[in-house]
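Just below is one structure, and these are the notes that go with it.
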Amino acid sequence: MSQYQNLDKRSREVFQRLVESYLRTGDPVGSRNLSFELNEKLSPATVRNVMSDLEMMGLLGAPHTSAGRLPTEIGLRFFVDGILEMQNISGTDQTLIEQSIRGDNSQQKSESDMLERTGSMLSQISKTASLVFSKKQDTRLKHIDFVMLSNNQALVVLVSEDGQVDNRVFEPPRGITHSDMVRAANFINAHVTGKTVSEFRVTIEKAMHEQSQQVDEMMRQLVELGKASIVEDDQGGRLIVRGRSNLIDSHQDEEAIEQLRVLMDDLESKRDLSELLQLTDAAQAVCVFIGSENKLFSLKGSSLVISPYMNGEGQIIGALGVVGPTRLNYARIVPMVSYTAGIIGKMIEEES
């Protein structure tokens, strides 16, 4: 963006006022209306010439031949990086964020519940969709259960000490009975309770070897399925998506709405969690991704504002942010996301 830093004062002001108008209204900006907002009194014709130069530079574009101008993705990037002045987060927003995250005495205090509240709060106060991603921590396990759903489908239920519950559907061995499932679950739970995933993996393999005489083939298959489910659950992480209806409201054309549905469905089915994890690890502070700058969020006319959050040791353990139209109120949203990430980190440190 260094090539744009040398814009003369007049061009810079025209560009700034145009982008600010777009962020307020979402509408193309014409030279006549823009001429009234400038500190320097310029004729609409002069403003039109400046806008034409800015368009030649790739900072502005025209949705229609006779319409006003809109900032391009490159223009928005230049504005966010080189012109935008961030607001101080208001006391009202600070109070709302902290109270929402901490909850009241009647609400659950687990980390999982805290992240759920964070997602709902961010979506509500930003009027966008929110994303809260938590890396899978080596949490301690509480117990495992097997549940038969049908003759060819069963469920592994994993419960961790922090209250998180995860389910895995699997195809059970042919001829399995309820009694087999109870025995296998009891065997696993005798070695899983209070263990981290890595500790459990070592312990259960040792127990299977030492007690091989007591473990028949059916039980062995179930134990292996349970072990595989726990290890699989330790990979990737958890993604909470809230407020998708806010995005549908902000995108009016059918193509954009369909792209939005695909994006949100992909996120909620965790197809692209690995890419989101890489994005999180690369960010040491709040990052703003506009449109096609990031292929995971290349939704037409949309931006992603995301920040990592850390534990007491300064390790990045997750990320949170919002997805909204490119005409986000960046001056308010960016500090809000940053402040929320800081509060999450403090609470995790307090509870550790």
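Listed values, structure above:
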quantity	calculated
Residue check, ARG242 of a type in the set (Lys, Arg), at pLDDT 75 or above and more than 16 Å from the chain's Cα centre (by Cα)	no
Filter result for ARG12 (of a type in the set (Lys, Arg), in a helix (DSSP H, G or I) and surrounded by fewer than 16 Cβ atoms within 10 Å (Cβ to Cβ))	no
Test: PHE133 is out of contact with any Lys or Arg (no Cβ under 6 Å at 6 or more places or on another chain), at pLDDT 90 or above and among the aromatic types (Phe, Trp, Tyr)	no
Number of positions in region 154-169 that are of a type outside the set (A, V, I, L, M) and touching a strand residue (DSSP E or B) at 6+ places or on another chain (Cβ under 6 Å)	5
Odd one out for ASP93, checked against (1) in a helix (DSSP H, G or I); (2) under 24 Å from ASP216 (Cβ atoms); (3) under 24 Å from the mean Cα position of the chain (by Cα)	(2)
Pairs where the first residue, in region 314-341, is polar (S, T, N, Q) and the second is outside any strand (DSSP E or B), C-beta under 7 Å, 6+ apart	THR326/LEU76; THR326/GLY291; THR326/GLY301; ASN329/LEU23; SER338/VAL286; THR340/ILE97; THR340/THR118; THR340/LEU122
Of all residues making up region 211-228, the number that are in a helix (DSSP H, G or I) and without any contact (Cβ under 8 Å) to a residue 24 or more places away in the chain	7
Residues being exposed (fewer than 14 other Cβ atoms within 10 Å of the Cβ) and more than 34 Å from the chain's Cα centre (by Cα) - total across region 15-42	5
Verdict on GLY314 being open to solvent by 20 Å² or more (accessible area, probe 1.4 Å), modelled with pLDDT under 85 and on the phi > 0 side of the Ramachandran plot	yes
ASP104 out of contact with any Leu (no Cβ under 8 Å at 6 or more places or on another chain), closer than 21 Å to ARG327 by Cα and either assigned to a helix (DSSP H, G or I) or open to solvent by 40 Å² or more (accessible area, probe 1.4 Å) (or both)	no
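The values are calculated or read from the model by the stated rules, or taken from the named source; none is laboratory data. All values derive from a computational prediction rather than experimental measurement. Counting neighbours? That spans all protein chains shown, and the Cβs are built from the backbone with ideal geometry, glycine included. All accessible areas refer to the heavy atoms of the entire protein, side chains included, with ligands and DNA or RNA removed. Shrake-Rupley method; radii C 1.70, N 1.55, O 1.52, S 1.80 Å.
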